[in-house]
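Readers should treat all values here as calculations from the given coordinates under stated rules, not as data from a laboratory. Note that the structure is a prediction, hence the values are computed from the model and not measured. Here the Cβ positions follow ideal geometry from the backbone for every residue, glycine too, while neighbour counts run over all protein chains shown.
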Amino acid sequence: MKTIFERTPTLKDCPTHYCPGCGHGIAHRLIAETIDELGIRGRTIGIAPVGCAVLAYNYLDVDMVEVAHGRAPAVATGMKRANPDKIIFSYQGDGDLAAIGTGEIIHAAHRGEQITVIFINNAVFGMTGGQMAPTTVLGQVTATTQQGREAANEGYPLQVSELLELLPGAIYVERCALSGPAQIRKAKKAVKHAFQLQLDAAQGLSLVELLSPCPTYWRMTPVKAMEWIEKEMTKAFPLGRLKG
Amino acid sequence: MTTNGFYEEIIIAGFGGQGILLTGRLLAQTAMKQGLEVTYMPSYGAEVRGGTANCMVIIADEPIASPLVDRPDSLIVMNKASLNKFAPRLKNGGLLIMNSSLIDTKPKLDDSIEIIAVPVDEIAVELGEKRAANMVAIGAYLQKRGSLSPDAAAACLAETIAKRHHKTLPVNTEALHRGAEFTKDNE
Amino acid sequence: MCGNEALAEAAIIAGCDAYFGYPITPQNEITAYMSKRMPEEDRVFVQSESELAAINMVFGASATGKRTMTTSSSPGISLMQEGISYLAGAELPAVIVNVMRGGPGLGNIAPSQGDYFQATRGGGHGDYRTIVLGPSTVQELVDCMPLAFDLADQYQIPVVVLADGILGQMMEPIVLDKKPRRELPPKDWALTGAKDREQNIVRSLWLPEGALEEHNYKLQAKYEQIQKDEVLCEQYALDDAEIVVVAYGVAARIVRSAVNQARKEGIKAGWIRPITLWPFPTEQIAKAADELSIFLVVEMSMGQMVEDVKLAVAGKTPVLFYGRPGGGVPTVSQVLERIKQLTIPPKKQ
């Protein structure tokens, strides 16, 4: 029998704690494949966020640290500055990066830290029970916007990638979606490019935002969630390479 | 704090910009070079920007406990506000060096306190460098106290003053000596 | 060189690989000095966007096995507490210098000892301790730095150096010396890239039932070891003392002057100066309390360390307190006056 598809070695062979239809597993795989394809497992250090992906080190077989909520870009700064030869990536959700850690990501980009940031945007706080995130879209029902998010009360969805695009220290910013095979292939290219830039010692921060399904707190089937990304989420968060 | 040994507590005070902290550092550096124990404590932060500056220097031949000077043996004041603030704290039998260019009144202090009024600004202007007034004052003090010589202080100027100001070394040295001479002439 | 600059140079000599800091008075000389000296030594200096970021940069550098430190003053140290708790939980070494100023709130920039509770009780959330050193001279501050780095590495623990505005700003002659180092365990836990080995994970999350309890017992065993082995304190004239004055840091210098003066006036006074504030010299104080001397605790606060002294004395003899908060510094004469009030007429048995 011929093997036509297999687990990439840096993705561990273990059961996942993620919900059915969750995008984290896909994102993990893209990172693991990238690390294996670039052959950088022995020099890569990953940073897990606070959020559903806090246990990312259970799935990604690289050196990893778990840090305080939102502080990953500061931790990454300390790591990279002290170890310029290592490949440092942070993996952060929208609560982590776009709410409590806004200051850290803006300033890491502002300083042009040579790190790679994988930003998972699923428009909701997952781990704490589906509350509104800064990236929750207008009208979206969450545990803390039970009538749907209203601009007048909760503001508009925060477009972090568009914010970072303005900073000279951010050299590559791309938004992709984990909403189907074609989009996922694009996302893989983006993730790999973001790592490659760091490998090439490019002078600045690279960030890939991944629109990612959360069927549990969107209260949809996994298939509907994929559709919702393309139909609704991309209106607030247009896909494409914003910079670099 | 044994009284057998040498233990001199000094406060230097004036406006920010009169070189108060530099004067204190010069005194500390000179004492250290003579193998004495010394502490130097500047006022810092908002107080400096508020327009007044002071520092506390303790010189002793034994380890110094508290670096804070509550009641100084010697007080060098470069303006009136500093005189008013610190003169009441002088120890009986202490020494007051005051800038008579800016202080026109003689303070009422205990008779045991010796007062030397030095027109430091005028002397510095004569030397062509108004900013050397602090050195005139410290020269007058060193001459009077006698524990450290003006020459020893002059030898420490180069390591106390920032390199970019080293062209002022000759005039500062001169100012130190003029201060010392003033004390000699008025004794 | 002021105390701030001296401690910075001492940290460099002690092998600090990376420094991260944010400006705050009265410790700005450290940040400025490091910005110049660290690049000269081909080491890392970053001015962070906040104290929160600074302590997390420390967390990052430490996780990779580097010697790293940050410095700040009271309000900034409050912001760092989150990171210090994570460092303690993840068992990462780090050195944190607090050049204390008056509080609460923005307070002022005058010297203070108001952060004793914060430093010695952990400060952040959770069941943890940090080692706390309380130097009282610039020389001791300088000597503290290699010790702090060594203790941090040996026990994988954050070490706080508790100084204050006076120590940071004052100058006195010092000797910068490369002291012999402790033998330290290898940092085989560090994140260096999983090259030809299994992955290393640095974490403070322990979700499975009982896992965190187990982790806390492990931390506790370490803390007990530190309490057993690492207490430092200085004592003077306790043999015949009728009054024992306890103080640390700059307050202890004032106490030393006052006690010397009291001795000259025939008062049987002695002092105890804790150098490690945690672990606290509980045994030494308890022993002195057996002699039934009166205790006077002097602090630049309204009374924080006095609680530890009371715990050590355990009711055997009176513990009195004199302190000034908010940047007020007790003077030698004020302390002397308190000593006299408590000893004249002589204590009757």
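See the values below:
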read-out: Distance between modelled label sites at residue A:200 and residue C:225, nm, 7 Å Cα→Cβ extension; value: 4.8
read-out: Per-residue HN-Hα couplings for the range C:228-238 [Karplus 6.51, -1.76, 1.60; θ = phi - 60°; Hz; x = Gly/Pro]; value: 6, 9, 10, 5, 10, 7, 10, 10, 9, 6, 7
read-out: DSSP bridge orientation in the range C:3-229 - percent antiparallel, rounded to nearest 5; value: 5
read-out: Volume of the Cα convex hull of chain A, divided per residue and given in Å³; value: 120
read-out: Protection-proxy order for peptides C:132-138, C:34-40, each taking the mean of Cβ atoms within 10 Å per residue, highest first; value: C:132-138, C:34-40
read-out: Hits among lysines - C-alpha to C-alpha of residue C:268 under 26 Å, sequence gap 8 or more where chains match; value: C:287, C:310, C:316, C:340, C:347, C:348
read-out: Shielding score for A:85-94, defined as the mean number of other chain Cβ atoms within 10 Å; value: 1
read-out: Residues with amide H under 5 Å from that of residue C:45, placed H, sequence gap 5 or more; value: C:19
read-out: Karplus 3J(HN,Hα) series, Hz, for the range C:41-50 with 6.51 cos²θ - 1.76 cosθ + 1.60 (x for Gly, Pro); value: 8, 6, 10, 9, 10, 9, 7, 7, 7, 6
read-out: Amide H within-cut-off set for residue A:121, under 5 Å, with H built and near neighbours excluded; value: A:210, A:211, A:212
read-out: Between 0 and 90°, nearest 10: helix C:3-13 axis offset from chain C longest Cα axis; value: 40
read-out: Karplus-derived HN-Hα couplings along the range B:149-158 (A = 6.51, B = -1.76, C = 1.60, θ = phi - 60°), whole Hz, x at Gly and Pro; value: 8, x, 5, 4, 5, 4, 5, 9, 4, 4
read-out: Rg followed by Dmax, in Å, when chain B is reduced to its Cα trace; value: 15.1, 44
read-out: Lysines whose Cα lies under 28 Å from that of residue C:179, excluding same-chain neighbours fewer than 8 positions away; value: B:33, C:36, C:66, C:187, C:222, C:228
read-out: Compactness of the range C:234-343, expressed as Rg and Dmax over alpha-carbon positions, Å; value: 12.3, 35
read-out: Set of lysines with alpha-carbon distance to residue A:243 below 22 Å, sequence-local pairs under 8 removed; value: A:186, A:188, A:189, A:192, A:235
read-out: Burial order of peptide ranges B:161-169, B:5-13, B:114-122 (average beta-carbon count within 10 Å, highest first); value: B:5-13, B:114-122, B:161-169
read-out: Charge dipole (debye, nearest 20) of the range C:234-343; +1 at Cβ of Lys and Arg, -1 at Cβ of Asp and Glu; value: 320
read-out: Mean Cα-pair separation over length for chain C, i.e. relative contact order, pairs under 8 Å, 6 or more apart, %; value: 17
read-out: Counting DSSP beta bridges with both ends in the range A:24-243, the antiparallel % (nearest 5); value: 15
read-out: Angle between chain C longest axis and helix C:28-40 axis [Cα atoms, degrees, rounded to 10]; value: 40
read-out: D (Stokes-Einstein, µm²/s), Kirkwood Cα radius, chain C, 1.002 mPa s at 20 °C; value: 103
read-out: The range C:234-343: relative contact order in percent, alpha carbon pairs under 8 Å with at least 6 residues between; value: 32
